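To start, the structure under review is shown below, and the notes come after it.
The values are calculated or read from the model by the stated rules, or taken from the named source; none is laboratory data. Every value quoted in this text rests on a predicted model; they were computed, and no experiment measured them. So basically every Cβ, Gly included, is an ideal-geometry build from the backbone, and we count neighbours across all protein chains shown. Accessible surface is based on the protein model in full, side chains and every heavy atom, while ligands, DNA and RNA are left aside. Shrake-Rupley method; radii C 1.70, N 1.55, O 1.52, S 1.80 Å.
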Amino acid sequence: MLHERSWHAHLALVLGVAVFAFPIYMALNGSTWDAGTIGGGRMPLYPGAEAAANYGQAWFSGEGARAKGAPVSVMMINSFLMAVIITLGKVAISIISAYAVVFFAFPLRMFFFWMIFITLMLPVEVRIIPTYAVAANLGLIDSFAGLTVPLIASATATLLFRQFFLTIPDELVEASKIDGAGPLRFFWDTVLPLSRTNIAALCVILFIYGWNQYLWPLLITTSPEMETIVIGITKLVSTADAHTDWNLIMATTVLAMLPPVAVVILMQRWFVRGLIESEK
Amino acid sequence: MRKRVIFNDKALPYLLLLPQVAITLIFFFWPAAQAVYFSTQIQDAFGLRSQFVWFENFGAILSDPNYLSSIRVTVVFSVSVTVLAIAPALLLSVMADKQIRGATTYKTLLIWPYAVAPAIAAVLWLFIFHPSVGLLGRFLVAIGVPWDYALNDAQALLLVVLASAWKQISYNFLFFLAGLQSIPRSVLEAAAIDGASQTRRFWTIVFPLLSPTTFFLLVVNLVYAFFDTFGTIHALTRGGPGTSTTTLIYRVYVDGRDNLNLGTSSAQSVVLMLFVIALTMIQFRYIERRVHY
């Protein structure tokens, strides 16, 4: 047996957990006090009594003394739709293109595979302005299509599915061919059910990816009705000083973190799997 | 590696590839090609006419002191974030890998910051380090430190580094933990029987066996610090004070969107593309090696 001093481990881990939890505690705490107390630098370390008022105000109106934001309810719905469309879109187009590349023989097969693969080297950040110009020319500004479609091509997801499809034994394809199943039947009855685990794991990662998008929504949305919550918060803090509506910002921050954090914690098994698999 | 049994439809595979290829062409290749094209053009003041100027735009950005300062900021920023996100993650994963009580609970409590958006991580730390509102900010001012990240270059950079690294530790933690769990316990037990201390076991066995993971994480963290921290910087400092937190990505955004300089902004995009291509190739060469290893 290994002799291990476990109190060292506990100390380090508790410290790590505390450093992670501290900012969240402060945000939770900030969402329960009024703007004046926080702005005056007098916020105590225990919760105040304004929680209901702050969350209510953030959720329904989003407007404070200074803040002129959209209501959190609207921004949450936008973020949720954006995350779900990106997730389902990426999974759908990646799984069918991986299926085409693995199970068919056709001219230019490898050409298309490399074409998808190379997009790994062109993240949106390095081609911001021309991509924005293309989206603007297509009339995609301030629309859900503009917010999501340019982001749903995915080399990583395609590679992941391709990798998995290559492990499906040839005998399965042969058997279903003998049964008279065509390629679509085989996809629907065999490949899709076998891919369930991979799809679930990928969905968890992609939902977080979609929810946390920043640069692209910042460019493509201009109207308050289309604002996503992550962008909405940073607009509120753009002039951070004593008169900022800190109470509203903190309530909004807590609400904005809730869905992705809940997904990670509740679907931890899929999350860990998805993260480690998709980076291979 | 090819499958022997395949379908022979003529049109179906193209149909299946169509959505992905269409998006790739319209939103990846076409804009990238435009960036390359515009990087060799200079437009007149009204954007009506443009002229082919070879590498003049590249010369312009590389002799622009602001661009050179962005390169410096990016290097300092990325290296700091990478070190600060990897070292604590390694320590925590080594501790969590031990057979201690509550290891699963610790793991759950250590992975959730991955889900926090970079911009939100920035707001969380802003609320703590704001000089007149934040708990630690006020404390620093009270003990006489002239703390104001909105005025002080180094403090601003420190704050964006902290917020960026904080969020990334969970990711590194998970990969180190997976790496540690693949190290055979029998090797460690053998070393323990030979009388190697815990510290010695770490440096002579665990750390070298983790080196593929560490190298992989170095690349991933550099990419993260380069590209995914735009939100952190935009939310916290907007690249300021001055240009002290303007990284290369932030500069492309500012030059392209606010200063509307298509030529130099495109030249910057092309430089970044070359950089990503280099990093991706390093990553894949390494992965190829790992497959044989």
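Checking each residue in region A:114-139 for being more than 7 Å from chain B (Cβ to nearest Cβ) and either open to solvent by less than 30 Å² (accessible area, probe 1.4 Å) or at positive phi (or both) picks out A:117, A:124, A:135, A:139.
Out of curiosity, is residue B:99 in contact with a strand residue (DSSP E or B) (Cβ under 9 Å, 6 or more places away or on another chain) and over 30 Å from residue A:100 (Cβ atoms)?
no
Residue B:256 meets the conditions (1) surrounded by fewer than 18 Cβ atoms within 10 Å (Cβ to Cβ); (2) facing chain A (nearest Cβ under 9 Å); (3) at negative phi; (4) not aliphatic (A, V, I, L, M) in every case but one. The failed one is (1).
Put simply, of A:249, A:276, A:233 the only residue that is in a helix (DSSP H, G or I), hydrophobic (A, V, I, L, M, F, W, C), surrounded by fewer than 24 Cβ atoms within 10 Å (Cβ to Cβ) and within 8 Å of chain B (Cβ to nearest Cβ) is A:276. Screening residue B:133 with (1) at the interface with chain A (Cβ under 7 Å from one of its Cβ atoms); (2) modelled with pLDDT of 90 or more; (3) open to solvent by less than 10 Å² (accessible area, probe 1.4 Å) gives one miss only, at (2).
Picking from residues in region A:60-81 that are buried (at least 17 other Cβ atoms within 10 Å of the Cβ) and at pLDDT below 85, the one that is farthest from residue A:143 (Cα to Cα) is A:64. In region A:140-155, what count of residues is obtained for those that are more than 10 Å from every other protein chain (Cβ to nearest Cβ) and surrounded by 21 or more Cβ atoms within 10 Å (Cβ to Cβ)? Residues in region A:140-155 being more than 10 Å from every other protein chain (Cβ to nearest Cβ) and surrounded by 21 or more Cβ atoms within 10 Å (Cβ to Cβ): 3 in total.
Given region B:156-236, what helices (runs of 4 or more DSSP H) lie entirely inside it while holding 1 or more residues that are within 14 Å of the chain's Cα centre (by Cα) and within 11 Å of another protein chain (Cβ to nearest Cβ)?
Numbers: elements: B:185-193, B:198-201, B:207-223, B:230-236.
Correct list: B:207-223, B:230-236.
For region B:144-175, the tally of residues that are modelled with pLDDT of 90 or more and open to solvent by 60 Å² or more (accessible area, probe 1.4 Å) stands at 1.
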